[in-house]
Amino acid sequence: MLVIVLWVLFRVPIYYSLIMNAAAFIVGFAIQGLTLLGLSLSGTPLELVAGTPILAASVQLLSAAIVFAISRTIYIKHWGYDYVPASHRANVTITGTNAILLVVVVSSLVIAAGAGLILRGNYKDYAIVASVIFLLTIPLFLHYSIRKDKEDAK
């Protein structure tokens, strides 16, 4: 649904809408996983977080605050990418770096879904495995996004 909203509302080509939404999901999940890991290392068990609505809401708010802080830093430092066309009618060819970006995002989501099937019913282990998968995906995505930005700047 968010892919369609971004595509229609902000007039971004559907390919880039898909990439941006998937990347946002991956980063959001990774940040939440790191937040829960930090709480776990500080002595707060995951079961306590899941069983206490106020604590669970606090973790969500902390994760959101981290995402807003990262977003604001990216905006202030001008670290955003310029490779997304301004028109939703732009011709997007899925070759080269575009294809690699798609493969990185889709493969990480598929691997995380596969881990979810394997670890069915074991939320704690799944959260750790999926967070690690997504944390490993972020540097790959950033590398290819920077490469794409440089390619399009030429």
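The values are calculated or read from the model by the stated rules, or taken from the named source; none is laboratory data. The structure presented is a predicted model; accordingly, all values stated were derived computationally and were not measured. All Cβ positions, glycine included, derive from the backbone under ideal geometry; neighbour counts span all protein chains shown. These area figures cover heavy atoms from the full protein model, side chains too; ligands, DNA and RNA do not enter into them. Shrake-Rupley method; radii C 1.70, N 1.55, O 1.52, S 1.80 Å.
Within segment 99-154, restricting attention to residues that are of a type in the set (Gly, Ala, Ser) and within 15 Å of ALA30 (Cβ to Cβ), the residue that is farthest from the chain's Cα centre (by Cα) is ALA115. Is at least one residue of segment 36-57 open to solvent by 40 Å² or more (accessible area, probe 1.4 Å), under 25 Å from ARG147 (Cα atoms) and modelled with pLDDT of 90 or more? No, that holds for no residue.
Residue count for segment 74-88, restricted to those that are free of Cβ contacts under 8 Å to residues at least 40 places away in the same chain and of a type in the set (D, E, K, R): 1.
SER71 meets each of the listed conditions (1) without any contact (Cβ under 8 Å) to a residue 60 or more places away in the chain; (2) part of a loop (DSSP other than H, G, I, E, B); (3) of a type in the set (Ser, Thr, Tyr) apart from (2).
Does segment 93-102 contain any residue that is assigned to a helix (DSSP H, G or I) and open to solvent by 60 Å² or more (accessible area, probe 1.4 Å)?
Quick first cut of segment 93-102, residues assigned to a helix (DSSP H, G or I) only: 97-102.
This time we only want the ones that are open to solvent by 60 Å² or more (accessible area, probe 1.4 Å), so: none.
No, that holds for no residue.
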